[in-house]
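One structure is given here, and the rest of the page talks about it.
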Amino acid sequence: MNVMSASGSSYSDRFRVLIRSLTGISLPQSKVVMIEQRLRRRVMAFDLPDTEAYLEQLLDGQGMEEELRIVIDLITTNTTSFFRESEHFDFLAREALPQRLAAAKGTRRPRFKLWSAAASEGAEAFTSAMVLAEAQRRGLQFDFAVLGTDISQRMLERGAEAVYAADQLSTVPPDLVKRYFMSSRHPSVAGKVRVVPELRRHVRFRHLNLMDETYPVDRDVDLIFLRNILIYFDQGDQERVVQRLASHVATGGYLVVGHAESMVVRLAGLKQIRPTIFQKV
């Protein structure tokens with residue numbers, strides 16, 4: 001019997017409760033097929049007959065902590081693309097950055113802090129870094145630091161490596177590809193590119209679970225991207241995550257969410273200035 005499709009299955013129910021408690025992600029019936037597909041290789045790795053047997057071992061077996069981390073990676077992993085929802089990066093370059101630098105007037109060399117709070121494999125973080133580096137090239141005097149966090153350790157490792165398939169750069173303007181990515185002729189990396197060291201030094205990656213009660217992040221961040229993740233949380237968790245994130249935004253700074261999430265953010269102290277952009281007041 002397919003446990004993920006069986007209504008009332010104790011292992012299925014317990015699995016859903018566990019994933020929600022650890023990650024905040026609710027697993028509705030519509031996600032059953034996706035979950036089955038992502039767990040199939042783990043069922044085979046343990047040489048078990050079906051998903052039911054696998055979940056029984058995962059939930060009741062001893063020493064399954066590492067396996068649970070693997071499952072969380074499988075359930076939560078989402079790839080992103082460079083310059084996804086490009087209007088947000090236009091806002092970063094044309095409004096957020098100039099306004100934050102103006103607010104720091106009098107500082108010899110202000111530092112712009114950006115947090116990609118669901119960084120996946122790093123495309124959002126490196127897109128942000130390219131936008132900020134381009135502003136430096138245009139003559140703006142400032143430093144910047146980009147933090148990428150995610151619950152998936154595997155995705156964070158990929159972000160830190162900063163290696164991507166060349167076809168992932170189709171959304172990056174050609175001049176930026178030339179300036180910020182490098183390739184090698186070695187056969188082992190054919191079809192792959194890597195972010196240049198000059199850009200990588202501005203970006204760091206760290207494991208972080210948005211369901212944690214506190215975040216080990218500075219409380220004067222100029223802009224936080226939290227795009228296309230709140231939609232997986234229930235209302236209570238959405239509100240708590242937004243509240244915690246807002247406490248890390250500098251006064252006058254910004255929280256940016258995905259287009260399907262603009263109705264989620266309802267917090268005193270955050271003023272909506274665009275459908276998906278909120279400013280801390």
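Selection of the range 245-269 for residues being at pLDDT 95 or above and either under 21 Å from A93 (Cα atoms) or within 18 Å of the chain's Cα centre (by Cα) (or both) yields L245, A246, H248, V249, A250, T251, G252, G253, Y254, L255, V256, V257. Scanning the range 176-203 for residues that are under 26 Å from R111 (Cβ atoms) and exposed (fewer than 15 other Cβ atoms within 10 Å of the Cβ) yields a total of 4. Which residues, counting only those in the range 210-232, are more than 18 Å from W115 (Cβ to Cβ) and in contact with an Asp or Glu (Cβ under 9 Å, 6 or more places away or on another chain)? Listed by number, the list holds a single entry, I231. Looking at R100, R109, just one residue is farther than 30 Å from I19 by Cα, touching a residue at least 12 places away in the same chain (Cβ under 8 Å) and in contact with a Gly (Cβ under 9 Å, 6 or more places away or on another chain), and that residue is R100.
List the strands (runs of 3 or more DSSP E) that sit entirely inside the range 185-281 and contain at least 3 residues that are over 24 Å from R69 (Cβ atoms) and free of Cβ contacts under 8 Å to residues at least 40 places away in the same chain.
Details: elements: 192-195, 203-207, 221-226, 249-257, 270-274, 277-280.
Because the criterion is at least 3 residues that are over 24 Å from R69 (Cβ atoms) and free of Cβ contacts under 8 Å to residues at least 40 places away in the same chain, the strands (runs of 3 or more DSSP E) in the range 185-281 that meet it are 192-195, 249-257, 270-274, 277-280.
Could you tell me whether T76 is farther than 29 Å from R179 by Cα, of a type in the set (S, T, Y) and under 20 Å from the mean Cα position of the chain (by Cα)? In short, yes. Taking the range 137-162 as the range and being open to solvent by 60 Å² or more (accessible area, probe 1.4 Å), outside any helix (DSSP H, G or I) and either more than 30 Å from R219 (Cβ to Cβ) or in contact (Cβ under 8 Å) with a residue 40 or more places away in the chain (or both) as the test, only L140 passes. Residues in the range 236-254 include none that are in contact with an Asp or Glu (Cβ under 8 Å, 6 or more places away or on another chain), of a type outside the set (V, I, T) and exposed (fewer than 15 other Cβ atoms within 10 Å of the Cβ). Here S30 passes the criteria (1) open to solvent by 50 Å² or more (accessible area, probe 1.4 Å); (2) modelled with pLDDT of 80 or more except the one numbered (2). The set of residues in the range 163-175 that are of a type outside the set (A, V, I, L, M, F, W, C) and open to solvent by 20 Å² or more (accessible area, probe 1.4 Å) comprises D167, Q168, S170, T171, P173, P174, D175. Has the range 71-84 got any residue that is surrounded by 15 or more Cβ atoms within 10 Å (Cβ to Cβ), outside any helix (DSSP H, G or I), modelled with pLDDT of 85 or more and among the basic types (K, R)? For the range 71-84, residues surrounded by 15 or more Cβ atoms within 10 Å (Cβ to Cβ), outside any helix (DSSP H, G or I), modelled with pLDDT of 85 or more and among the basic types (K, R): present. Of the residues making up the range 255-267, those that are closer than 22 Å to I75 by Cβ and either aliphatic (A, V, I, L, M) or open to solvent by 30 Å² or more (accessible area, probe 1.4 Å) (or both) are V257, A260, V264.
The values are calculated or read from the model by the stated rules, or taken from the named source; none is laboratory data. Every value quoted in this text rests on a predicted model; they were computed, and no experiment measured them. For neighbour counting, all protein chains shown are included, and Cβ atoms are generated from backbone atoms with ideal geometry for every residue, glycine included. Protein only, heavy atoms only, side chains kept; ligands, DNA and RNA dropped before computing areas. Shrake-Rupley method; radii C 1.70, N 1.55, O 1.52, S 1.80 Å.
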